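Asker: Structure in structure tokens, see below.
A short reminder: the numbers here are calculations on the coordinates, not readings from a lab. Small disclaimer: the values here were computed from a predicted structure and weren't measured. Positions of Cβ are generated from backbone atoms using ideal geometry, with glycine treated the same way; all protein chains shown enter the neighbour counts.
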Amino acid sequence: MTDGVRSTTRPGQRPREVATHCPYCALQCGMTLRTDGAAVTVAPRQFPTNRGGLCQKGWTAAELLDHPERLTTPLLRDPATGELRPATWDAVLARITDGVRAAQRGHGRDAVAVFGGGGLTNEKAYALGKFARVALRTRHIDYNGRFCMSSAAAAGMRAFGVDRGLPFPLADLGRADTLLLVGANPAETMPPLVRWLTEQRERGGKLIVVDPRVTATARLADLHLQPLPGTDLAVANALLHVALTEGWVDKEYVDARTTGFEAVRRNVAGWWPARAEALSGVPVADLEATARALGTAGRAIILTARGAEQHAKGVDTVTGFVNLALALGLPGRPGSGYGCLTGQGNGQGGREHGQKADQLPGYRKIDDPAARAHVAGVWGVPADELPGPGVPAYQLLDALGTDGGPRALLVFGSNPVVSAPRAARVESRLRDLDLLVVADFLLSETAALADVVLPTAQWAEEDGTMTNLEGRVLRRTALRPPPAGVRTDLEILAALAERLGGPAARQRFPTDPATVFGELRRASAGGLADYAGISWERVETSDGAFWPCPDADGPDSPRMFTDRFATPDGLARFHPVEHRPAAEEVCARYPLHFTTGRVLAQYQSGTQTRRVAALRRAAPEAFVELHPDLAHRLGVGDGEPVRVVSRRGEFRAPARLSPAIRPDTVFAPFHWGGAARANSVTNDAVDPVSGMPEFKICAVRVEKV
Amino acid sequence: MTERIVIIGNGMAGSRLAGELHARGGDHKVTVLGAEPHRAYNRIMLSTLLAGKIGEPDVELAEVAGHGVDLRTGSTVTAIDRAARQVHTADGDRIDYDHLVLATGSRAVVPPLPGLDPADPPDRVVPFRTLDDCRRILAHADGARRALVLGGGLLGLEAARGLAARGLDVGVVHPVPHLMERQLDAAGAAVLAGTLADLGVTTHLAVPATAVAADADGVRLDLADGRSLTADLLVLSCGVRPDTALAVAAGLDVERGVLVDDRLRTRDEQVSAIGDCAQHDGTVTGLVAPAWAQARVVADLLTGAEPAARYRHRPAVTRLKAAGIDLAAMGDPAGGPGEELTFADPTRGTYARLRIHDERLTAAILLGDNPTVGTVIQLFDRGQPVPADRRALLLGRAVGTTTAAPATSPALMPDAATVCQCNTVSKGALVRCWRDGARTVDAVVSRTRAGTGCGSCRDAVVGIVDWLSTVDSVEVSR
């Protein structure tokens, strides 16, 4: 192993027990890992987010550490047989280096692209962005977080001047008199968060859920609004219309802390509730009751999640709810506000430090000369050598292997073959590449297509930090070293940098996460997401630290916007937003609305959770949720296989009959690949601002198989 | 050459068209001529303004003035010269157009009653149509005790409800035996009259008015049955008439409204008409939704955004929603073929009647607290099949939607029933754990992980453990 620079981060002595966090969602539940030298066990840990709770995914997370399918050796596609075969690190690194050089020689630097993930630690996300800009000098880097909360991020940026999922601690949820969840199903996606909802209701608070399905979360609600998918924006505008006509708008707050209200007021004057009712199917009485609950509450919180955000109008939909929150004077008031429930483990941190096509560390804009100068200074390169902005994830994937598009792609911590919209198209783009490299610890559907597969370390084998849905920076702590033959992502990047640029380039990519974090602090200093004052020690001793935190001796920021917003004048911005139809509407050939989502026992593309026995038992296969009336018309019985067909493709899965869904809408979870891949049919229309694809609505027909 | 589009009318239809044209971009010069002096406003909200809940600024609509749109309020068009493609205004302006859109709306009908000069109604007698009308009504309502409304249609009832909300004693006079007869059946109208009575609105039905007398002290309305009603104010809501005077004078085809085809074109290719003044396929709608749909089609065609765009008339839904009243009516209440569902709870002011033909809703009246109103409107609007269980249309999600069954006795719970969703722990698993020696809630929880996720099944787990500790032996299926 000539490039095997073994990290110094690994403790010399193997710890028997460490405090760390769950590898899955953005709640980042506190957990304790123990090992007796062989087996690793998980126990929940009291932490201010999960308060000792853990769902089945967390409990069983350690099963993948020594899973029989774990990758422990690099794989290289044999040109003769077309099969992936074990290879040495030397061979695969040489193959990558040759491929990168060939692509860039023939087609320029942008012929190589990088695709990251929202599960990577801050250190890895930062290093990956730097690697793309400094080692590859390509503008093409983006990540699967684009499919996660990019719409809420863009809406937050334009309204508040900054994007932090929750600008207040999670504990605020428990104290809200009214809590509105829009397109969020935490009872399945982050179960321990429900503890806060329980507390909220036990204190007499009112929980209102907006969701086209009667989800586990909707069943907890005092009031459930069940709109047609794609009409949340009309609902938001109508809620503000009612708040205006009933006099619940906080005029003092609007005058003192915001700008642009007049245009929004005139716009929502055109959104009387009966108009939204006809579009959404939500009764006027329910719209009025919701507006009343929010408008007359002492403390009220509005949260959006993927259901509202994963649309070609996701940014405007979120903006509609942000407008409502601002008009009611919620943001910045204790126990009140607007927030987004981020999905992936490090969805928040992953978007702050350079994985996004248009951003540099510290949530800086890559086209801002001052930002470029600062970051280039930290990286020790001339600012004019940094590439400009690239393109958002789907646009990047869609261009792979096409004329003028990237010829080589390096994927870290993502499985777009399952998780991208119009996945068959994405799969064909990947197949047309000259070089596809995937770093993962399991052979995901994307890795199975790769020319080179690099086995990487798992969460229990690495140190670093994650930033959870509250903007709280947390410490991930290694329990044990990775198995022999496996490298960390930082080691892989360092080795590639050296092969591409020699020892000088190697120096720019330390493999010790603590060193990387120190550099990240300097790179983020002065940016919106300022980590300069956050050290690992601070994180460990005080249940994490909330950014921005510019000074090591100064406070962190659990609650934002109390005095000012992060805009130049300190005022929040209203933006008038109009409802518009979905990118694809139903028609005679495709008469049903299709929407996707998650189930409790699976996570994202399922690469990990589908391999855990207990989770496989709990959620063994994909399904198509149909209303019994619809099933009856189709002649389909419960459990019988059906085919779901859109203009872009089809998938097959057993029908699951349930009155929990509207009869005009069909639902399927997207955690499975192959013939059951729900994303085979989803629409690749994207939001013009955020680049978010329209996962949550397209037109399909359902056929009996 | 930049195409010059002139829109006559800055009401709900005209202002919307300007917005739609602006949204589509392109190289157009748009001029909007509004006779009223105000910004565009939302007519739908005027009854809320009457009720005193909002102020005038709250009814203003978004405008696109400035962004390539020349908006001229207080500008009355006096003539259209189609040969010269020119519009003449009262100010003496001549405005050239390449395409002209009539969005002149409609005018309130002043009934031919003795004492009522349509050109100059008495001071205390006001039609309810425009923002200026609203101002006049409010000026008289200030300090008034009693108001009369002539006309028990949708708009009249909204005005009555608005004035009642200000604390006025309101009487509605309607010449036919039931309110809103175009939308309601007799039974529904009776329930509505009861609801109105509870809100302080008296109805005088099946009695035409015969004369009006007004002076500085008040207004008197004489009825055909010999009664005379007095009030401080009389609001006229006797229907509207499309404002087609300009079109007639310009030689366009006019019946009740200006005749237009599926592209909203009049006989003259260079002239379109939308909204209340237009007559499409025999219908003058008088509602916002079709007017806005027409604005979209015209914008699509004029900008070339959607050259195939065509307007299709869709049956309208009438919605009356004011504090204390919730009414939705669609389709022809007179009946027709098919099944009929009814539900009436007059004490609670609830009435529902639905007509279904060929598995589709063809008409519906929903009055009062009907949780299905959103669903019914969507099924009607979209022509989608109705639920197999018809009760779902009357009673809402209460039928067919299983909410988590309340935990009955643990003894009755099947072993396979999942107690903890987050960790997929069944009742059987808890029982087995008990039999294997776990004797406390903590012990059962730590072995099964039940209750360690969202925590909401904790009570159920405690209940099962309590039950286990009171029974000697529990059989469990493996």
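Asker: Which ordering of A:160, A:168, A:115, A:261 is given by a fewest-first count of other beta-carbon atoms within 10 Å?
Answerer: Details: A:160 24, A:168 27, A:115 30, A:261 19.
Taking fewest neighbouring Cβ atoms as first place, the list is A:261, A:160, A:168, A:115.
Asker: Further question on the same structure: Fewest to most neighbouring Cβ within 10 Å: what's the order for A:190, B:45? Spell out each step's value before the answer.
Answerer: Values: A:190 30, B:45 23.
By the 10 Å Cβ count, ascending: B:45, A:190.
Asker: Now a separate question. When the convex hull of the Cα atoms of chain B is projected onto a plane and the area is averaged over all directions, what value comes out in nm²? Walk me through the numbers on the way to the answer.
Answerer: Working: hull surface 128.9 nm².
Its average projected convex-hull area is 32.2 nm².
Asker: Round to a whole angstrom and tell me the spacing of the C-alpha centers of region B:114-139 and region A:588-626.
Answerer: For region B:114-139 versus region A:588-626, the Cα centre distance is 63 Å.
Asker: Further question: For region A:301-386, what is the Kirkwood hydrodynamic radius in Å, using each pair of distinct C-alpha atoms? The partial results should precede the final answer.
Answerer: On the way: mean 1/r = 0.0658 Å⁻¹.
It is 15.2 Å.
Asker: With both bridge residues required to lie in chain B, what share of the DSSP beta bridges run antiparallel, to the nearest 5%?
Answerer: Numbers: 49 of 86 bridges.
Counting only bridges with both partners in chain B, antiparallel ones make up about 55 percent.
Asker: Taking the Cα centre of region A:580-686 as origin, work out the dipole magnitude from +1 charges on Lys and Arg Cβ and -1 charges on Asp and Glu Cβ, in debye rounded to 20.
Answerer: On the way: 15 positive and 10 negative charges, 75 e Å.
Here region A:580-686 has a charge dipole of around 360 debye.
Asker: As an exercise, take the mean of 1/r over every pair of distinct alpha carbons in region B:5-108, invert it, and state the Kirkwood radius in angstroms. All intermediate terms of the calculation are to be shown ahead of the outcome.
Answerer: Numbers: mean 1/r = 0.0696 Å⁻¹.
Value: 14.4 Å, from the Cα pair sum.
Asker: Please report the relative contact order for chain A, taking Cα pairs under 8 Å with a sequence separation of at least 6, and give it as a percent rounded to a whole number. If you can, show how the numbers build up before the last one.
Answerer: Values: 1744 pairs, mean separation 135.7, N = 705.
Answer for chain A is 19 percent.
Asker: What 222 nm value per residue comes from the helices of chain B, counting each DSSP H run with n ≥ 4 as -39,500 (n - 2.57) and dividing by all residues, nearest 500 deg cm²/dmol? Please list the in-between numbers first.
Answerer: On the way: 12 runs with 120 residues, N = 478.
Mean residue ellipticity at 222 nm (helix-derived): -7500 deg cm²/dmol.
Asker: Per the Debye formula with a single identical scatterer at each Cα and no solvent contribution, what log10 I(q)/I(0) holds for region B:78-129 at q = 0.13, 0.27, 0.31 Å⁻¹?
Answerer: Taking Cα atoms of region B:78-129 as identical point scatterers yields -0.55, -1.02, -1.23.
Asker: Over the Cα atoms of region A:150-341, what radius of gyration and what Dmax do you get, in Å?
Answerer: Answer for region A:150-341, Rg first and Dmax second: 14.8, 41 Å.
Asker: Another question, then. Just to confirm a number: summing +1 for Lys and Arg and -1 for Asp and Glu over residues other than residue A:580 whose beta-carbon lies under 15 angstrom from that of residue A:580, what do you get?
Answerer: Details: positive: A:275, A:313, A:696, B:16, B:24, B:296; negative: A:232, A:316, A:578, A:584, A:585, A:687, A:694, B:20, B:300, B:306.
Around residue A:580, the surrounding residues sum to -4.
Asker: Another question, then. Measure of size requested: the Rg and Dmax of region B:125-238, with Cα atoms as the atom set and Å as the unit; please supply both.
Answerer: In order Rg, Dmax, the Cα atoms of region B:125-238 give 13.1, 40 Å.
Asker: Further, regarding this structure: Report the label-to-label distance for residue B:228 and residue B:24 in nanometres (one decimal), using points 7 Å from each Cα along the Cα→Cβ vector.
Answerer: About 5.8 nm separates the two model spin labels.
Asker: Among the GluC sites (Glu not before Pro) in region A:56-120, which ones are in a DSSP loop with at most 12 other Cβ atoms within 10 Å of the Cβ? Mind listing them?
Answerer: Working: sites: A:63, A:69, A:83; in loops: A:69, A:83.
Sparse-neighbourhood loop GluC sites (Glu not before Pro): A:69, A:83.
Asker: Based on alpha-carbon positions alone, could you give the equivalent ellipsoid semi-axes of region B:331-398 from the gyration tensor, as √(5λ), descending, whole Å?
Answerer: Details: eigenvalues 65, 38, 21 Å².
Ellipsoid semi-axes (Å, largest first): 18, 14, 10.
Asker: Which whole-number percent is the relative contact order of region A:7-128 (Cα, under 8 Å, 6+ apart)?
Answerer: Details: 125 pairs, mean separation 15.5, N = 122.
Averaging sequence separation for qualifying contacts and normalising by length gives 13 percent for region A:7-128.
Asker: Okay, next question. Determine which aspartates and glutamates satisfy two conditions relative to residue A:356: a Cα distance under 14 Å, and not lying fewer than 8 residues away in the same chain.
Answerer: A:142, A:163, A:367
Asker: Now for a different question. Can you report the principal axis dimensions of region B:184-326 using only the alpha carbons, biggest first, rounded to whole angstrom?
Answerer: Here the spans come out as 58, 36, 26 Å, largest first.
Asker: Suppose we look only past 21 Å in the calculated P(r) of region B:274-389. What percent of the Cα-Cα pairs does that tail hold? It would help to have the intermediate numbers written out before the result.
Answerer: Numbers: 3217 of 6670 pairs.
Of all Cα-Cα pairs in region B:274-389, 48 percent lie more than 21 Å apart.
Asker: Output the relative contact order of chain B, whole-number percent, from Cα pairs under 8 angstrom with separation of 6+ residues.
Answerer: Numbers: 986 pairs, mean separation 54.5, N = 478.
Relative contact order, chain B: 11 percent.
Asker: More than 22 Å apart: what percent of Cα pairs in region A:592-704 qualify?
Answerer: Considering region A:592-704, 31 percent of its Cα-Cα pairs are separated by more than 22 Å.
Asker: Which of A:336, A:242, A:267 sits closest to the plus end of the dipole of region A:191-340, meaning its Cα is farthest towards the positive end, when Lys and Arg get +1 and Asp and Glu get -1 on the C-beta?
Answerer: A:336
Asker: Where in region B:147-238 are there trypsin sites (Lys or Arg not before Pro) that are in a DSSP coil and have at most 15 other Cβ atoms within 10 angstrom of their Cβ? Mind dumping the intermediate values first?
Answerer: On the way: sites: B:161, B:166, B:182, B:220, B:227; in loops: B:166, B:182, B:227.
Filter output for region B:147-238: B:182, B:227.
Asker: Counting only other residues whose beta carbon sits under 10 Å from that of residue B:438, what net charge do I get with K and R as +1, D and E as -1? Write out the running numbers ahead of the final one.
Answerer: On the way: positive: B:432, B:435, B:439, B:447; negative: B:436, B:442.
Here the charged neighbours net out to +2.
Asker: I'd like the distance between the alpha-carbon centres of region B:417-438 and region B:14-62, rounded to an integer number of Å.
Answerer: 62 Å
Asker: While we're looking at this one, here's another question. Taking every alpha carbon pair in chain A, what does the distance histogram look like in 10 angstrom bins from 0, in percent?
Answerer: Final binned percentages: 3, 16, 27, 28, 18, 7, 1, 0.
Asker: Count charges around residue B:7 for me, please; just the other residues with Cβ under 12 Å from its Cβ, Lys/Arg as +1, Asp/Glu as -1. Display every interim value, and only then the final one.
Answerer: Numbers: positive: B:4, B:16, B:29, B:72; negative: B:20, B:70.
For residues surrounding residue B:7, the net value is +2.
Asker: Based on Cβ point charges of +1 for Lys and Arg and -1 for Asp and Glu, what charge dipole magnitude is obtained for region B:410-470 about its Cα centre, in debye rounded to the nearest 20? Numbers along the way, then the final one.
Answerer: On the way: 7 positive and 5 negative charges, 29 e Å.
Rounded to the nearest 20 debye, it is 140 debye.
Asker: Ratio to report: Rg/Rh of the protein assembly as shown, with Cα atoms as the point set and Rh obtained by the Kirkwood method; give two decimals. Mind showing how you got there, number by number?
Answerer: On the way: Rg = 32.9 Å, Rh = 32.6 Å.
Radius of gyration relative to Kirkwood radius: 1.01.
Asker: Give the value in nm², to one decimal: projected area of the alpha carbon convex hull of region B:247-319, averaged over all directions. Could the numbers behind the result be given before it?
Answerer: On the way: hull surface 19.4 nm².
Mean projected area of the Cα convex hull: 4.8 nm².
Asker: Mind checking the mean number of beta-carbon atoms from other chains within 10 Å of the Cβ atoms in A:600-608? Let's see the in-between values first.
Answerer: On the way: counts 6, 4, 0, 0, 0, 0, 0, 0, 0.
Taking the mean over all residues of the peptide, I get 1.
Asker: Related question: So, in Å, what gap is there between the alpha-carbon centers of region B:207-269 and region A:404-435?
Answerer: Comparing the Cα centres of region B:207-269 and region A:404-435, I get a distance of 66 Å.
Asker: How large is the charge dipole for the protein assembly as shown, taken about the Cα centre, if only the Cβ atoms of Lys, Arg (+1) and Asp, Glu (-1) carry charge, to the nearest 20 debye? Mind showing how you got there, number by number?
Answerer: Working: 132 positive and 136 negative charges, 569 e Å.
About 2740 debye.
Asker: Give the Rg/Rh ratio for region A:280-345, taking Rg as the radius of gyration of the Cα atoms and Rh as the Kirkwood radius, to two decimals. Walk me through the intermediate numbers first.
Answerer: On the way: Rg = 12.7 Å, Rh = 12.9 Å.
Rg divided by Rh gives 0.99.
Asker: Among A:89, A:271, which comes first, then next, by fewest other beta-carbon atoms within 10 Å?
Answerer: Numbers: A:89 20, A:271 25.
Least to most surrounded, the residues fall as A:89, A:271.
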